[in-house]
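Structure first, then comments.
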Amino acid sequence: MDEKNRQGKGVKAGAGWATVADELRSAIDKGKHAPGTRLPSERALSEQFGVSRVTMRRAIAELEGEGLLRVARGSGAYVRADMPVRFQLGDKVRFGKDLTARDANLTRKVFSTREIPASADIEARLDLQPGEMVLEMCVVAYADELPVSVVLRICSAARFPGLAEKFAAFGSFTAALKDYGVTDYWRRSTDITARMPTEVEARLLQQSRLTPVLAYAGEDIDADGTIISRQIGCFASERVVVTV
């Protein structure tokens, strides 16, 4: 079976545009279409996937909206040379598994830490006593040397003493939290919105303050349902695709 047929395998005649987009997205993620290269014509892709040109056109439009493709009128669809990082949002949020970037090295660095009295909002969200101290960690994620997200992680300083140092040593919050008896945790909720970045966020993301970011806020809970942290952060909208 040649490459053309292998790529279209599993896409049934009459399949919806979402199914076709998934197959084409997977092919791009696996490197079957290299960054910067032009895809086959709309007609050729329609024949390859066994769908109508209208369906193929809708699938291409979806991937263009995600930032994976660049469509040039009269020329065709091209795989973005500056491929965005993909973040898979689910009930378990793990940096190493959920944030993927082909041909890029993903790392995180602690930009700053501080212990401060919890605000009334954080006291309520983390179920803390009035005046209890919290640890704030500002963490920046990079794809190679390009920053893609900034997050402020807030947790009880009494429950997680030295968390910043453990994270720096392990390079993983999942591994660091195990030292405190948290063997697993889940994302209870995540709210995402678009807004303009703050001055600090724009500086850490190395972008203009006139470029919107994908801001998010969420809370993680342990196996007992106890909230372990509050996270407030943002993604560089031009560099990250969030998949729900």
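When ranked by the protection proxy of mean other Cβ atoms within 10 Å per residue, highest first, what sequence do the peptides 228-235, 62-69, 105-112 form? Working shown, then result.
Details: 228-235: 21.5, 62-69: 18.2, 105-112: 13.9.
So the peptides 228-235, 62-69, 105-112, ranked by packing, come out 228-235, 62-69, 105-112.
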Next on the checklist: Largest first, please: the extent of the C-alpha atoms of region 97-243 along each principal axis, to the nearest Å.
Outcome noted: 39, 31, 26
Checklist entry - Under 13 Å from the 7 Å Cα→Cβ point of residue 188, by amide nitrogen: which residues of region 112-145? => result 122-128
Checklist entry - Can you run phi through the Karplus equation (6.51, -1.76, 1.60; θ = phi - 60°) for region 141-158 and list ³J(HN,Hα) in whole Hz, with x for Gly and Pro? => result 9, 10, 10, 6, 9, 9, x, 10, 7, 10, 9, 9, 9, 10, 8, 5, 5, 6
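What GluC sites (Glu not before Pro) in region 124-170 are in a loop by DSSP, with at most 10 other Cβ atoms within 10 Å of the Cβ?
Within region 124-170, the qualifying GluC sites (Glu not before Pro) (loop, at most 10 other Cβ atoms within 10 Å) are 145.
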Checklist entry - With each pseudo-label sitting 7 Å past Cα toward Cβ, what's the residue 146-residue 119 distance in nm, one decimal? => result 3.2
Checklist outcome for this item: Under 5 Å from the placed amide H of residue 241, counting only residues 5+ away or on other chains, we find 85, 86, 87
Next on the checklist: Using a 7 Å offset from Cα along Cα-Cβ at residue 127, what residues in region 211-242 end up with backbone N under 18 Å from the label point?
Outcome noted: 218-231
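Every number here is computed from the coordinates shown, using simple stated rules; none is lab data. Please read these numbers as outputs of a predicted model, since none were measured by experiment. Neighbour counts run over all protein chains shown; Cβ positions are idealised from the backbone, glycine included.
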